[in-house]
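The structure appears below as structure tokens.
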Amino acid sequence: MTERRPLETAEAQSPECTRAPIGMLAELTYRCPLQCPYCSNPLEMDRVNTELSTTEWQDVMRQAGELGVLQLHLSGGEPTVRHDLEEILEAAVKADLYTNLITSGVTLTRERLERMVKIGLDHVQLSIHDVDPANAEHISAYKGGAEKKHAVAGWVKELGLPLTINVVVHRQNIENLDAIIAYAVEVGAGRLEVAHTQYYAWALKNRAALIPTREQFYRSVEITNAAKERLKGILVFDVVAHDHYAVRPKPCMRGWGRSLVDVTPSGKVLPCHACEMIPGLEIDTVREKSLADIWFNGQAFQKFRGTEWMKEPCRSCERREIDWGGCRCQALAVTGDAMNTDPACALSPWHKEFAAIAEKESREPPPPYIYRRMGSGGGTSDRRE
Ligand code: SF4
Ligand code: FES
């Protein structure tokens, strides 16, 4: 096991960042029975035999607690495919982390969930694909998913845990948004995350199949705003807006290296789960360095932390400490340089072209999905299983 430097030593070396991350995303595995065409996992995924062991994950949890992380998101892939999930959870609870299980639910059993509740699990975030079961099956390439998720939502409530429903919104389910909101209320969720698709990793490959029209997006905003009013005190909304129709970008990852840290299945520690494609980032792993040292001093975290790295127009913009220049991964994907302003910003020279992509692709018939498949370039929806 790596020898760790004491936290104070690691912290003292960081002029840019003196606070701990608020949240840690633990991507326990990239394995998943679903094949969603907007999956945020990298196109080249780690092999199973490179995954951190139970003991290594337990040590990561202990380090996260020492570092001062507050919230832990147990994610994947599908985290429940790891048979040692309960042991990892136990270490997280011992480290005093608020624990959130992010799951598609399809491989979960009631017994297992009950065990996790006994261990101290605090919250479940269940992803759904649509309220129309046939469309949900088509999006996820998984039979019977909607039924299973409905059962899981019921167990979460019976066992007394708070429930968040998460839905990734795109042109092939956006017309059902009203019904999706009603469904979240029906299953007793306290929170609904309406996440318009973010176009990197698999979603970028599938952009033409997923991108809604401007009218569809505006209509979805009206529906969400009306529901927020109507459901005050019943359902809280988290909305991730659609970048192509935005005027200003979102503070992606709540600002690079400011609040969130991501640990991949093989122990790489990232400022953003999609950032491995950015050239010139030196990625450290928990197999070689401590979590605290990487967070405070790692080159990848320092690279876009703060505002010093910014070019114009961000550099002199009054919003530079509000949105932190938007998304580095999107800047790279669209402009070829991660240092550029996110093209979602109307002040970016690429913005017009970026918006035009959506106007064009959203009005053409959607191509088949390219499904996320481990160790392949993906399969199309003509070869559904
Ligand atoms: Fe944000 Fe940069 Fe656009 Fe200003 S120019 S609003 S800092 S992305
Ligand atoms: Fe990587 Fe936005 S997805 S910084």
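The numbers here are math on the coordinates, done by the rules we state, and not lab data. Since this is a predicted model, take the numbers as computed values, not measurements. Methodologically, a virtual Cβ is constructed for each residue, glycine included, from the backbone with ideal geometry; neighbour enumeration extends over all protein chains shown.
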- Rounded to the nearest 0.05, what FRET efficiency do residue 84 and residue 18 have when you use their Cβ-Cβ distance and R0 = 35 Å? 0.55
- Could you give the size of the charge dipole of the chain about its Cα centre, using +1 on the Cβ of each K and R and -1 on the Cβ of each D and E, expressed in debye and rounded to the nearest 20? 480
- Task: May I ask which residue of 260, 275, 240 lies farthest towards the positive end of the charge dipole of the stretch 143-284, with charges of +1 (Lys, Arg) and -1 (Asp, Glu) on Cβ and the Cα centre as origin?
- Result: 240
- Go through the stretch 141-146 residue by residue and turn each phi into a ³J(HN,Hα) via Karplus (6.51, -1.76, 1.60, θ = phi - 60°); whole Hz please, and just put x for glycine and proline. 6, 9, 7, x, x, 4
- Message: Can you compute the modelled spin-label distance between residue 55 and residue 287, with each label point 7 Å from Cα toward Cβ, in nm?
- Response: 1.5
- Message: Binning at 10 angstrom from zero up to the longest distance, how are the C-alpha pair distances of the stretch 295-373 distributed in percent?
- Response: 17, 38, 27, 15, 2
- Phi angles of the stretch 154-167, converted by Karplus (6.51 cos²θ - 1.76 cosθ + 1.60, θ = phi - 60°) into ³J(HN,Hα) in whole Hz with x for Gly and Pro, give x, 4, 4, 5, 4, 8, x, 9, x, 10, 10, 9, 10, 9
- Note on the structure: Cα-Cα longer than 31 Å, checked against 94/289; 143/268; 94/303, kept in input order, equals 143/268; 94/303
- In the stretch 52-105, GluC sites (Glu not before Pro) in a DSSP loop with at most 13 other beta-carbon atoms within 10 Å: none
- Query: So what is log10(I(q)/I(0)) for the chain at q = 0.07, 0.08 1/Å, when the Debye sum runs over its Cα atoms only?
  - Reply: -0.31, -0.40
- What FRET efficiency, computed as 1/(1 + (r/R0)^6) with R0 = 35 Å and r the Cβ-Cβ distance, is obtained for residue 360 and residue 151, rounded to the nearest 0.05? 0.25
- With the dipole of the chain worked out from charges on the C-beta (+1 for Lys and Arg, -1 for Asp and Glu) around the Cα centre, which of 81, 139, 28 lies farthest toward the positive end? 139
- Item | Protection-proxy order for peptides 205-212, 146-153, each taking the mean of Cβ atoms within 10 Å per residue, highest first | 205-212, 146-153
- Isotropic mean projected area of the C-alpha convex hull, the stretch 172-290 (nm²): 9.9
- Label-point gap, in nm, between residue 175 and residue 237 - each point 7 angstrom along Cα→Cβ: 2.1
